[in-house]
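Working notes for the structure below.
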Amino acid sequence: MVDYLLCADWSKEQKGRALYVANVLKSEVRRVSEVPLTLDSALARARELAKEGTVLLSFDLPLGLPESFLSSLRKFPGWEAASSFPCFLPIAAQAPAFFVSQTQASRWSIRQPFFAVPPGAGARAAFEQAAARAGVQLRRRIDVRTGGNPMFITGGIPGSVGSAAIDVWLGLARLLSVSREFKIWPFEGAFPELFASAPIVIAENYPRAAYAAAFCDISGANRPRMRLSKTRAETRHEAIKYLLSRPWVHDNGVTLHDTDAALADENQFDALVTAAGLLRLVIEEEPLSSSVLEDPLAEGGILGTGTMNFDLPEANFVPLRGTPQSGPFTQATYCADNPSGRAGSGEEFRCPIPECAKVFIASRCGWDGHVGAFWRHPNWQPHIKDHRERLKVFRAKYPEFFG
């Protein structure tokens with residue numbers, strides 16, 4: 001589906017930006033040195049790569065709006081044509097006050113939604129309450145599930161993304177009105193059909209979603225959310241060492257270059273790990289996103305969420321001096337059929353679907369992602385393509401698989 005994964009970690013300031021590329025065919029990840037790093041320079045690099053194959057260019061910032069926000073905004077004169085996020089961008093770019101950040105909750109409005117949280121208890125809640133009175137939620141469904149901040153916050157709290165969003169949104173608004181060689185996922189189509197119409201696809205990534213794919217040994221749709229204190233150099237060092245020791249890196253012959261830059265800077269770290277995590281999903285042919293949390297009109301979607309189980313406790317990376325096999329993630333090895341996460345005795349569980357050679361070692365972790373993916377067994381129950389329905393049929397037909 002994709003040949004290159006170009007992953008950007010973004011902020012308002014140049015010093016907070018980083019770009020890594022994963023070459024799918026060569027199974028390698030490298031740093032991209034672009035000075036200055038802008039939307040235009042990132043697209044220029046994507047165009048160079050597109051001469052050799054398809055490119056998925058993703059940014060660590062929201063590409064989408066809460067559905068309640070866009071619906072309410074369209075009720076105002078001049079905004080009626082904002083029927084989707086791409087349609088919204090050029091209109092917003094022409095509104096003088098829309099991207100002007102403020103600090104007074106009493107002045108918050110749908111037509112001036114960006115704000116910096118001032119000091120004091122309850123300051124953020126005051127803005128959320130002001131939005132609620134206007135019938136607007138400041139977070140998308142996927143922001144709630146991933147624990148992300150409202151996209152409209154430009155500062156005042158850790159993890160604010162509003163300023164980075166403004167930078168890229170204004171750049172995209174300028175480019176949408178001219179002839180272009182890129183599409184925006186999922187608003188202009190779904191994978192893999194998008195690449196049939198454009199060599200470059202722009203999407204949203206979220207490093208904490210990519211952590212699950214990069215660091216978790218569990219396969220399938222049972223990876224927990226993962227938290228990592230990337231600001232600490234010691235944690236980054238242990239995390240990179242742990243990543244390099246993962247079985248999926250060895251089994252797929254993956255090479256990670258320019259790790260020194262990731263060790264020295266948290267933004268470079270996030271860009272590298274995001275590229276590595278998405279590379280694993282592509283190589284192992286796992287879903288890039290969670291379809292139940294995608295909205296092709298307003299809210300968009302986030303790459304890396306396709307194998308995450310949001311109902312599991314969040315795992316926390318704690319640097320340990322133990323063996324790599326034990327792993328420094330607390331609560332990181334949960335799954336539906338092996339809740340304790342302990343490895344067991346090495347027992348094998350062979351997939352009972354005819355002509356399938358898949359063998360699960362020590363537990364049945366990942367069986368649902370394996371069985372539910374239609375492309376893995378296209379000749380088994382070919383009339384059933386829905387993920388959940390295939391799981392139901394499998395459970396009924398092969399109860400012995402579950403003991």
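The values are calculated or read from the model by the stated rules, or taken from the named source; none is laboratory data. None of the values given here were measured: they were computed from a predicted structure. All Cβ positions, glycine included, derive from the backbone under ideal geometry; neighbour counts span all protein chains shown. Areas reflect the complete protein model, heavy atoms only, side chains present, ligands, DNA and RNA absent. Shrake-Rupley method; radii C 1.70, N 1.55, O 1.52, S 1.80 Å.
Applying the Karplus parametrisation 6.51 cos²θ - 1.76 cosθ + 1.60 with θ = phi - 60° to the phi angles of region 53-59, what ³J(HN,Hα) value in whole Hz is obtained for each residue in order, glycine and proline being reported as x?
Here the 3J(HN,Hα) series is x, 7, 10, 10, 9, 10, 10 Hz.
Which three lengths, in whole Å and largest first, does region 74-216 cover when its Cα atoms are put on their principal axes?
Here the Cα extents, ordered largest to smallest, are 50, 47, 23 Å.
Angle between the Cα long axis of helix 266-283 and the longest principal axis of the chain, 0 to 90 degrees, nearest 10?
50
In nanometres, what is the gap between the two model label sites at residue 237 and residue 125, each 7 Å from Cα along Cα-to-Cβ?
Distance between the two pseudo-spin positions: 4.1 nm.
Whenever you get a sec, compute what percent of the accessible area on region 237-316 sits on carbon and sulfur atoms (1.4 Å probe).
Solvent-exposed carbon and sulfur of region 237-316 make up 49 percent of the total.
Projected area of region 143-239, taken from the Cα convex hull and averaged over every viewing direction, in nm²?
8.7
Just the number please: accessible area per residue for the chain, 1.4 Å probe, all protein chains included, in Å².
44
For region 182-257, what size does the Cα cloud have along each of its three principal axes, sorted from largest down, in whole Å?
So the extents along the principal axes, rounded to whole Å, are 43, 29, 28.
List the pairs from 183/358; 12/75; 12/230; 183/230 whose alpha-carbon separation is above 24 Å, in the order I gave them.
183/358; 12/75; 183/230
How large is Rg over Rh for the chain, taking Rg from the Cα atoms and Rh as the Kirkwood inverse mean of 1/r across Cα pairs?
Using Cα coordinates only, the ratio equals 0.97.
Does anyone have the angle between helix 387-397 and the longest principal axis of the chain? Alpha-carbon axes, 0 to 90°, nearest 10?
Here the helix axis deviates by roughly 20 degrees.
Taking the 0 to 90 degree range and rounding to the nearest ten, how far is the long axis of helix 233-244 tilted relative to the main principal axis of the chain, both from C-alpha atoms?
Result, in degrees: 40.
From Cα coordinates alone, what are the radius of gyration and Dmax values for region 1-152 in angstrom?
Expressed in Å, the Cα Rg and Dmax of region 1-152 come to 18.4, 54.
Could you work out the per residue convex hull volume over the alpha carbons of region 113-178, in cubic angstrom?
Enclosed volume per residue, from the Cα hull, is 104 Å³.
So which GluC sites (Glu not before Pro) in region 194-291 are both in a DSSP loop and have at most 15 other Cβ atoms within 10 Å of their Cβ?
284, 285
For residue 193 and residue 33, FRET efficiency with R0 = 35 Å and r from the beta-carbon atoms, rounded to 0.05?
0.60
Going by average Cβ neighbours within 10 Å, how do the peptides 273-283, 106-116 rank, with the highest at the top?
273-283, 106-116
Take each of the peptides 42-52, 93-103, 183-193, average the number of other beta-carbon atoms within 10 Å over its residues, and list them starting from the highest.
183-193, 42-52, 93-103
Can you give me the Cα centroid spacing of region 4-50 and region 86-121 in angstrom?
29
Restricting the calculation to Cα positions, tell me the Rg (one decimal) and the Dmax (whole number) of region 32-116 in Å.
16.7, 52
Normalised by the residues of the chain, what does the relative contact order come to in percent, with Cα pairs under 8 Å and at least six apart?
Result for the chain is 18 percent.
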